[in-house]
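Engineer: I'd like to ask some things about the structure below.
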Amino acid sequence: MTSRVGKASLRSKIMSAQEAATFIKDGDNVGMSGFTGAGYPKAVPVALAARIREEHAAGRPFSVGVWTGASTAPELDGALAETGGVRTRLPYQSDPVTRARINEGTIDYNDIHLSHLGPLVREGFLGNLDVAVIEVTAITDDGRLIPSSSIGNNKVWLDEADKIVLEVNSWQSMDLEGMHDVYEKFALPPYRQPLQMTRPGDRIGQPYLSVDNEKIVAIVETEQSDRNTPFKPLDETSKAIAGHFIEFLEHEVSRGRLPKELLPLQSGVGNIANAVLAGLLDSKFEGLTSYTEVIQDGMVELIDAGKLTVASATAFSLSPDAAEQMNNDAARYRRNIILRPQEISNHPELIRRLGVIACNGLIEADIYGNVNSTHIMGSRMQNGIGGSGDFARNAYISCFVTPSTAKGGAISAIVPFVSHVDHTEHDTSVIVTEQGLADLRGLAPRKRAKLIIEKCAHPTYRPMLEEYVERAGKVANGQHTPHDLMRAHEWHQRFIAEGTMMPGR
Ligand code: 0RQ
C-alpha cells in the first residue's frame, strides 16, 4: 500500500496502533471521529481496549471519556465498553454493549444535542480534551487533512485536543477529496457571525481539515472498511408510513404551502426513515434537495434516479453494499453530496432559514404530541436524542414516523403520557404511523388528542386511549391538557409487570 501521508516530515510519526494508544492516559478525555458507522478510527480504539485490559489485569485503574460525532461501530464503542474502562460517553450511541453499560449505570452518558456538543467543548464546559483520534482519507503534501466518510466533530477535536493521533485509512476513496465543506470560522459569543448559506448546496468553507501539525503525535495507517449495518427490508408497515407521508407532501404542494420540489428534506436514522426515502423514489417529486445529517441508501438511490439534486450532511450511514458503491463512484457523487461539520449540518440557524422538512423516528408519542425518542419505559436508554432535537425544534414542518405498535403488539407507540420527553408538543407538527397521519399544526391539545387517536393509534389500543381521554376530562384540574395523573403511566407499569400494555393478555 502506498503511503497517503503526503507531508514528508510527518512520516516519522507513522507507527503501530499499539504504540499510538500509549499516548492515551488513564483519566483522559478522547475525542474520536465517527458518525453513524462512518469515518471512525478502526485500529487505535481496539489497541486502547487491549491496553485498558492489561492495566486492569495488573490491578491499575484505567478509564477514559469517549467523545465522538455520533454512533460508531463495534471496533470503537463495543471494544471499549467491553473493558469497563469507559467513564463517560457522549453525545450519541447505538451500540449494544455501550447501551448495556449505560443502563447498568457504569457509563455516565451525556445525551447532548448533536449541534450543541462542539460549542460546549469549545466553551470549556466539558473539561479538557486530551487526545483526538481522527480517521482521515489522506494527509496532503502541505499537512492538511482530506476527511473520510464523516466529518462530525472532527474539526472541534483537532482544534481543542492537546495531542492528535491520525488514522489514515486507504480503504476510503481518494475521490472523496472535494466532497467536504469545512467551515473554519467558528467563534464564541459575542463574536459569532451569521452563517452565509441560503441553499443546501452552498459552500462556506474549504474541502480540507486544517490542523496544527505540531500537535500530531502519531499516524497509524489502516485499510479497513466502515462497518455499516444493512437496513431491514421494506415491509407493509414501513411502506404504509411512507405512503401517508408522501400523500401529505403532495397535499401540501396542492394547497400551495410547499413548492413542487418541496423544501430541503431531513431524514432521521433507522429503518422507517430510510423507508420514507424509498417511498420518495416512486413518487412524482423531482428536483428534491436534502439538508440532513446522514446520507442513507434511500438518498443515494434518489440521486441515482436523478430526483435528488443536492444532499448536504455530515456523514454517510450506508449499508455495506451502498458504502462500497459510494467508494467506487465518489467522484460522481461528489457533484451532488456535501459533507460538513455537524455544527453546520445540524445548525438551528440554517435549519430554520432553509425551511427543512424534518422526518424522524420515535419510540413513543402521547396523545398531545409529546415525543420520546430515547427511553424504553421511562428509564432505559435506547440510543440517544442524536440530531432529532436540532431538526425537530427548528424545522419548517417537523414530522415523526413510527409503527403504531412495537414488540408484536405488546406496546402501543401512542400512549396517554410519554414516559420520557425529548420533543415537546410545541415541536411536533405531524405524526405518522401505518394507520394514518395526524397534522397537528394549529390545533389545541384536546383536538390533537382526538386526531392522534383517530389517525395514528392501532385499532386495538384506540378504545383504551379514548377511555383515558374521557376519564382525564372528568378528573383533571383543568381542561386545557387534561390528564389523569394517577393513571397516566399505567400502561408502562403494566408492560414492566406483565410484558404487555394490553390488560388481560
Ligand atoms: O427494537 O431493535 O429490539 O427490534 O426499538 O425500533 O421500529 O426498528 O425503529 O430503527 O426507526 O428506530 C427511535 C430508536 C427508532 C431511532 C428510534 C424498539 C423496537 C426495536 C428500533 P429491536 P424500529 P427505528 C438524526 C435523527 C433518536 C435519534 C434520531 C432513534 C427498536 O429513530 O434512535 O432521531 N432516534 N436521530 O422494537 C419499546 C417502544 C418502542 C420500542 C420501538 N415504544 N417501546 N421498544 N421500540 N418502539 C440522526 C442521528 O442522530 C444520527
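The values are calculated or read from the model by the stated rules, or taken from the named source; none is laboratory data. Owing to the predicted nature of the structure, the values given are computational and were not obtained by experimental measurement. Neighbour counts are summed over all protein chains in view; Cβ atoms, including those assigned to glycine, are modelled from backbone coordinates with ideal geometry. Surface accessibility is based on the protein's heavy atoms, side chains included, excluding ligands, DNA and RNA. Shrake-Rupley method; radii C 1.70, N 1.55, O 1.52, S 1.80 Å.
Engineer: Between 0 and 90 degrees, rounded to the nearest ten: what's the tilt of helix 44-57 against the longest Cα principal axis of the chain?
Structural biologist: Between helix and principal axis, roughly 90 degrees.
Engineer: Of all DSSP beta bridges located in the chain, what percent are antiparallel, nearest 5?
Structural biologist: Of those bridges, close to 25 percent are antiparallel.
Engineer: With just the Cα atoms defining each centre, how far is the stretch 305-360 from the stretch 361-399? Give it in Å.
Structural biologist: With the stretch 305-360 and the stretch 361-399 each reduced to a Cα centre, they are spaced 22 Å.
Engineer: Got a sec? Charge dipole of the stretch 187-232, +1 on Cβ for Lys and Arg, -1 for Asp and Glu; which of 228, 209, 198 is way out at the positive end?
Structural biologist: Checked the options; the winner is 198.
Engineer: Oh, and also: Taking only protein heavy atoms into account and a 1.4 Å probe, give the accessible area per residue of the stretch 56-171 in Å².
Structural biologist: Averaged over the residues of the stretch 56-171, the accessible area is 30 Å².
Engineer: Quick one: what Rg and Dmax do you get for the chain from the alpha carbons, in Å?
Structural biologist: Cα radius of gyration and Dmax of the chain are 23.2, 77 Å respectively.
Engineer: Would you mind counting up the charge near residue 360? Only other residues with Cβ under 12 Å from its Cβ, with Lys and Arg at +1 and Asp and Glu at -1.
Structural biologist: For residues surrounding residue 360, the net value is -3.
Engineer: Another question about this same structure. Per the 1.4 Å probe, what fraction of the accessible area of the stretch 206-253, in percent, lies on carbon and sulfur atoms?
Structural biologist: The C+S portion of the solvent-accessible surface of the stretch 206-253 is 49 percent.
Engineer: Once neighbouring chains are kept in place and the probe is 1.4 Å, which whole percent of the accessible area of the stretch 1-110 is contributed by carbon and sulfur?
Structural biologist: Carbon and sulfur atoms account for 50 percent of the accessible area of the stretch 1-110.
Engineer: Moving on. On average, how much accessible surface per residue is there in the stretch 380-439, in Å², for a 1.4 Å probe, leaving out ligands, DNA and RNA?
Structural biologist: About 29 Å² of surface per residue is accessible.
Engineer: Separate question: Need one word for the stretch 38-178: rounded, prolate or oblate. Basis is the Cα gyration tensor (sqrt eigenvalues a ≥ b ≥ c); a/c below 1.5 gives rounded, then a/b vs b/c decides.
Structural biologist: prolate
Engineer: Where the only charges are on Cβ atoms (+1 Lys, Arg; -1 Asp, Glu), what is the dipole of the chain about its Cα centre, to the nearest 20 debye?
Structural biologist: The calculation lands at about 960 debye.
Engineer: Nearest 10 degrees is fine. How inclined is helix 462-475 to the longest principal axis of the chain, computing both from alpha carbons?
Structural biologist: Once rounded, the angle reads 70 degrees.
Engineer: OK, next. Could you tell me which of rounded, prolate or oblate describes the stretch 5-68, using a ≥ b ≥ c as the square roots of the eigenvalues of the alpha-carbon gyration tensor, with rounded for a/c under 1.5 and, failing that, prolate when a/b is larger than b/c and oblate otherwise?
Structural biologist: Judged from the Cα gyration tensor, the stretch 5-68 comes out oblate (a/c at least 1.5, b/c at or above a/b).
Engineer: With a cut-off of at most 14 other beta carbons within 10 Å, and DSSP calling the residue loop, which trypsin sites (Lys or Arg not before Pro) in the stretch 285-361 qualify? Please list them.
Structural biologist: Those satisfying the criteria are 335.
Engineer: Percent antiparallel among DSSP beta bridges with both residues in the stretch 1-99, to the nearest 5?
Structural biologist: The answer is about 10 percent antiparallel.
Engineer: Pull up the DSSP beta bridges for the stretch 347-411 and report the antiparallel fraction as a percent, rounded to 5.
Structural biologist: That works out to approximately 50 percent antiparallel.
Engineer: Nothing charged except the Cβ atoms of Lys and Arg (+1) and of Asp and Glu (-1): what's the magnitude of the dipole of the stretch 231-341 about its Cα centre? Round to the nearest 20 debye.
Structural biologist: In total the dipole reaches around 420 debye.
Engineer: If contacts are Cα pairs under 8 angstrom and at least 6 residues apart, what is the relative contact order of the stretch 389-490 in percent?
Structural biologist: Relative contact order for the stretch 389-490 comes out at 24 percent.
Engineer: What percent does the relative contact order of the chain come to when contacts are Cα pairs within less than 8 Å and at least six residues apart?
Structural biologist: That works out to 14 percent.
Engineer: Can I ask one more? Using only the Cα atoms of the stretch 439-505, each taken as one equal point scatterer with no solvent, compute I(q) by the Debye sum, divide by I(0), and report log10 of the ratio at q = 0.12, 0.19, 0.24 Å⁻¹.
Structural biologist: After summing over all Cα pairs, the log10 values are -0.35, -0.82, -1.13.
Engineer: Positive end of the charge dipole of the chain (Lys, Arg +1 and Asp, Glu -1 on Cβ, about the Cα centre): tell me which of 72, 453, 373 has its Cα farthest that way.
Structural biologist: My answer, from the dipole projection, is 453.
Engineer: Still on this structure: About its Cα centre, what dipole magnitude does the stretch 183-279 give when the only charges are +1 on Lys and Arg Cβ and -1 on Asp and Glu Cβ, stated in debye to the nearest 20?
Structural biologist: The dipole of the stretch 183-279 has a size of about 420 debye.
Engineer: If you don't mind, there's one more thing I want to ask. Testing the spin-label approximation: label points 7 Å from Cα along Cα→Cβ at residue 229 and residue 214. State their distance in nm.
Structural biologist: 4.4
Engineer: With a ≥ b ≥ c the root eigenvalues of the C-alpha gyration tensor of the stretch 297-338, is it rounded (a/c under 1.5), prolate (a/b larger than b/c) or oblate?
Structural biologist: Since a/c stays below 1.5, the shape of the stretch 297-338 is classed as rounded.
Engineer: Rounded to the nearest 500 deg cm²/dmol, what is the calculated helix-only ellipticity per residue at 222 nm for the chain, with -39500 (n - 2.57) per DSSP H run of length n ≥ 4?
Structural biologist: On the way: 17 runs with 152 residues, N = 505.
That comes out to -8500 deg cm²/dmol.
Engineer: Still on this structure: So, with a 1.4 angstrom probe, what is the percent of accessible area on the stretch 372-505 that is carbon and sulfur?
Structural biologist: 52
Engineer: So for each of 285-297, 184-196 I average, over its residues, the number of other beta carbons within 10 Å; can you give me the resulting order with the highest mean first?
Structural biologist: Going from most to least packed, we get 285-297, 184-196.
Engineer: Something else now. So what's the angle, to the nearest 10 degrees on a 0 to 90 scale, between helix 114-123 and the longest Cα principal axis of the chain?
Structural biologist: Tilt of helix 114-123: around 50 degrees.
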